[in-house]
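Take a look at the structure below.
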Amino acid sequence: MATVTAPRLLPAFAAAGFAATSAQVLLLRELLVCAAGDEASVGAGLAVWLLGITLGAAARRRLPRPAIPAAALLALLSAAAGAGVVALRVLRAAAAPPAGELPGLGLVLLLAGASLLPTGAVVGASFAALGEHAATVLPPPEALARLYLAESAGSLLAGAAASLAVGTLLPPLPAALLAGLASALLVARSGLPGREAARVAVVLLALASLVARPLDEATETTRFAALSPSAPLLAVRDTPHAHLALGGGGPFELWEGGAFSAVFPDPYASEALAHLAASLAESPRRVLALGPVERGLLRFLLRHGPERIDVVVSDPNAFSFVRDHLPREDRLALLDPRVRVVPDDPRRFLSRSNATWDLVLLLGPDPVTLGRARLLTAECFRDVASRLDRRGALVVSLRTASAAVTGATAALGGSVLGALEAALPVVRATPGPDTLLVAGFDPSAVTLDPAVVAARFVRRGLAPGAFAPELFPILLEPANVERIERSLEEASHRVAASRDDRPVSLLHALARRQRETASLAGRAFGALGRLPSPALALLVLLPSAALAVRAAARPLPLRTAAFHGVASTGAGGMALSFLLLLSYQARDGALYGALGALTAAFMLGLAVGAAASHRFLAPLRPARTLPATLLATGATFAAIAVLLPLLATLSAAPRVDALGAHLSLLLLAGAATGGLFPVAAAALLAAGEDAGKTAARFASADHLGAAAAALLSGVVLVPALGMRATGLLAAALVLSAGAASARTR
């Protein structure tokens with residue numbers, strides 16, 4: 001029976017991984033938009049998703065037999081991604097804060113709880129149900145190993161497909177329905193009992209796919225109406241980097257990732273900023289723009305007589321989307337022969353260029369995402385300094401305050417100022433609320449003396465416009481300059497400078513954003529991030545350390561040791577994979593474009609590690625192999641953490657080298673994580689669990705640990721401790737679990 005039936009279950013096993021990962025990727029993208037681009041929402045959403053898997057697996061373990069068939073659960077899962085996308089958009093409109101206000105982390109958790117939590121619960125329950133059924137046709141260890149391997153393969157395929165298709169080939173809702181249809185077809189073609197439910201799902205999803213695009217447009221319109229009630233939605237585009245929505249028409253409103261980005265055309269504001277920034281440079285013959293200047297600034301920068309302006313565009317799809325709606329004057333500015341548009345990541349462009357510039361503009365939003373925060377680190381500023389003329393100027397925008405700079409605003413400004421001062425000897429600051437940090441080598445060139453700056457403007461013979469040189473004494477009033485510089489300098493002595501390994505500007509920007517939304521959850525994360533580093537590390541290690549102390553006094557039940565080991569490894573594996581993704585983003589910038597390959601490497605590692613462990617370790621005595629495997633996993637995690645700083649040397653290396661190094665380490669991290677599964681499963685089976693309960697307990701433990709790591713790593717641990725310290729903390733967590741499992745009964 002086993003030889004005939006078992007292979008026919010593999011499509012269902014793969015469908016479970018494919019449907020789960022598709023839903024995870026698509027719902028997290030939607031949550032990010034609903035959270036106005038707040039990167040804290042990714043960790044929060046992932047934590048809620050993993051918590052749902054934990055609860056679903058636990059519930060399945062406690063259900064009486066016979067319970068809901070695995071095929072029915074998989075049919076439900078295949079429809080969950082599409083339903084979740086629609087639910088998130090409608091709920092964001094229904095539960096939205098007043099127009100113009102940012103959603104707090106509490107609202108984000110509510111949205112995640114209504115979409116990701118139930119979907120995750122179906123994932124956890126279906127995994128346990130599949131394990132239960134597989135054990136009826138195969139020996140339990142073999143059944144669980146095959147389930148894990150096939151599910152990992154399905155997840156690998158879904159991760160790559162979602163990353164490549166969404167934002168390039170398909171909008172989110174059609175992609176969700178298509179992924180669900182593919183999953184349901186796999187289940188319907190499998191030998192899983194009760195697969196009639198999957199056939200019904202195939203029919204329903206096929207019918208839904210016929211109206212996918214109009215439904216996608218209708219729900220996008222509903223969500224946008226809550227963001228900007230007075231501006232009708234004109235166009236939407238998803239790119240591999242961001243979700244873009246354009247509303248209004250005279251002027252246009254641009255929203256990126258659900259957050260307000262710009263109003264254009266706004267010639268007065270554009271003219272004032274362009275003339276001020278250009279006049280801060282002694283002679284802006286060669287200009288480099290590392291932020292958006294095409295929405296009005298460029299045409300005014302050209303009036304200063306530059307020989308060349310290089311505009312680096314990190315998201316060409318977003319650039320073309322905006323360009324198609326620009327006024328005629330701005331489109332003509334882009335066609336000026338002095339303008340060169342370069343589609344590239346800013347940091348990669350800097351590392352490969354041999355040119356020098358008199359003025360470098362790094363204008364953009366607050367660093368509430370890792371993508372922005374990586375442009376405001378000491379390492380990035382050093383790259384700029386290496387390409388800056390000795391009498392040139394770097395101009396960085398930062399939102400501060402018009403009067404006193406305190407709290408999270410002071411910490412944010414101080415972290416960026418400290419990073420600038422680590423790279424360039426002269427740093428000045430204009431008054432807020434839209435502060436410009438001006439840095440360079442020569443204090444006579446980098447000046448905020450209003451008379452000197454006004455004289456530069458006059459010498460260039462600019463035609464009269466809305467901006468006049470008489471405005472410089474107001475914009476650069478000496479007393480205001482002295483006040484803002486003193487506040488930022490004092491703050492820079494209290495906080496760490498933002499660096500690639502420890503992008504603290506992200507933590508401070510998120511803390512300010514959550515304070516502005518009056519979010520209790522956001523304030524709680526901010527308080528954690530402000531703990532002294534030793535206290536924060538001890539807090540993370542406390543549960544494992546307590547269990548290790550208990551084991552030293554009295555042996556632990558084997559079941560408890562296995563559960564704790566799986567939870568710790570799930571947390572450590574999640575943290576290490578996150579760190580490697582962050583490292584790649586810092587090196588290359590185009591994380592979303594490579595996310596499929598990076599995720600696939602980790603998933604492949606899971607499968608390889610599980611296969612090797614199942615063959616060589618699982619047949620041995622679990623009481624001995626469990627602690628040995630945990631110690632080996634912890635040692636591997638520690639080695640990866642130690643290697644993390646060396647990846648910084650790849651900034652100037654060819655892109656394939658950086659990608660290859662990160663793929664290799666993700667494969668290694670995945671193999672170390674996946675290697676524990678067969679050993680832990682054997683330990684749970686040896687402790688008297690049946691296969692279904694073992695699969696459920698494993699899923700609960702693994703995802704509970706991963707949920708905690710997802711919630712804390714990006715928002716708290718990396719900004720507060722740094723990447724290497726966070727990696728070593730993850731290794732210490734697993735090593736302590738290994739020590740606790742050394743004495744079992």
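Numbers at a glance
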| item | result |
| --- | --- |
| Label-point separation, A206 to V656 (7 Å along Cα→Cβ), nm | 4.4 nm |
| Simple label model, 7 Å out from Cα along Cβ direction - L335 to R352, nm | 2.8 nm |
| Peptides ranked, highest mean first, by Cβ atoms within 10 Å: ranges 455-463, 29-37, 358-366 | 29-37, 358-366, 455-463 |
| Surface accessible to a 1.4 Å probe, per residue, for the residues of the chain, Å² | 37 Å² |
| Contour excess over end-to-end distance, with Cα ends at E490 and V642 and 0.36 nm allotted per residue | 51.4 nm |
| Cβ-based net charge around L359, under 12 Å, with every Lys or Arg adding one and every Asp or Glu removing one | +1 |
| Ranked packing of 539-550, 46-57, 428-439, most packed first, by mean Cβ within 10 Å | 46-57, 428-439, 539-550 |
| Estimated inter-spin distance, A545 and E196, nm [label 7 Å along Cα→Cβ] | 5.8 nm |
| Protein accessible area in the chain, 1.4 Å probe - carbon and sulfur % | 65 percent |
| Ordering of 278-286, 475-483 by burial proxy (mean other Cβ atoms within 10 Å per residue, highest first) | 278-286, 475-483 |
| Global form of the chain, assessed from the alpha-carbon gyration tensor, a/c cut-off 1.5 | prolate |
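The values are calculated or read from the model by the stated rules, or taken from the named source; none is laboratory data. Bear in mind the structure is a predicted one, so any value in this text is a computation, not a measurement. Cβ sites come from the backbone with ideal geometry, for glycine too, and all protein chains shown count toward neighbours. For accessibility, only protein heavy atoms count, side chains too; no ligands or nucleic acids. Shrake-Rupley method; radii C 1.70, N 1.55, O 1.52, S 1.80 Å.
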